[in-house]
Amino acid sequence: MKELKLKKATLAGGCFWCTEAVFQRLEGVEEVSSGFTGGEIKNPAYREIITGRTGHAEAIEIQFNPEKISFEELLLVFFATHDPTTLNKQQNDVGTQYRSAVFYHDEDQKIKAEEVIALLEKEGMFENPIVTEVSEASEFYVAEAEHQDFYNQHRQQPYCQFIIDPKIKKLNKLFSDKLK
């Protein structure tokens, strides 16, 4: 029997509740965890992150099966479901903790991220330049339990209805062939 060899991707696209909800729905994505990365302090708590003073971004860590979905496909979904042209801002969320970032785990992921960004820029996919940070992955700190699987647990909340639902609709429209 062939052993399943999962790969890891770490992405920050503003609020981690949004990015988690999007990536949980993709075929080949085996696990998604919301958390924090890219900052200076160890074991930060959500209450510290939202101050914007830790240097960490709200991010997700994805375990994916590269035989079912490639890192490049994950990036295309990532760029289509958040605004990579606003520096430290997504919708009403403002601060470095809401920055757009790809935290690569190896040189291949770095190259793929740079290639996808260059392609999107060349094709003029966005009105403004992409400001997504491409940085080497550092320690990922899993957020508190109440932040995991947030959208699926709280769909009735206004934030989920007004901010996350449109992202899910866009995902369903643009990437229906990639859904579970």
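Some notes on this structure:
- Distance between the 7 Å Cα→Cβ label points at Lys68 and Glu139: 3.2 nm.
- Taking the empirical scaling 2.2 N^0.38 Å for compact globular proteins as reference, the chain has a Cα radius of gyration ratio of 0.97.
- At an R0 of 45 angstrom, the distance between the Cβ atoms of Val94 and Lys5 translates into a FRET efficiency of 0.70.
- Taking a straight Cα-Cα cut-off under 22 Å and skipping sequence neighbours fewer than 8 places away in the same chain, the lysines within cross-link reach of Lys89 are Lys167, Lys169, Lys170.
- Simple spin-label estimate for Lys42 and Leu174 gives 3.9 nm between the two label positions (7 Å along the Cα-to-Cβ direction from each Cα).
- Taking GluC sites (Glu not before Pro) in DSSP loop conformation with at most 15 other Cβ atoms inside 10 Å as exposed sites, the chain has its longest uninterrupted site-free stretch at 68-122.
- As an equivalent ellipsoid, the range 1-92 spans semi-axes of 25, 16, 10 angstrom, where each value is the square root of five times an eigenvalue of the C-alpha gyration tensor, largest first.
- Of the trypsin sites (Lys or Arg not before Pro) in the range 1-97, the ones in a loop by DSSP (not H, G, I, E or B) with at most 10 other beta carbons within 10 Å are Lys2, Lys5, Lys42.
- Cβ-based charge dipole, the range 43-139, positive-most Cα from Thr85, Leu75, Ser138: Thr85
- Straight-distance candidates among the lysines for linking to Lys5, with alpha-carbon spacing under 28 Å and chain neighbours fewer than 8 residues away dropped: Lys68, Lys110, Lys112, Lys178, Lys180.
Here, each number is a calculation from the coordinates, and none is a lab measurement. It should be emphasised that the depicted structure is a prediction, and the values quoted were computed from it without experimental measurement. Methodologically, a virtual Cβ is constructed for each residue, glycine included, from the backbone with ideal geometry; neighbour enumeration extends over all protein chains shown.
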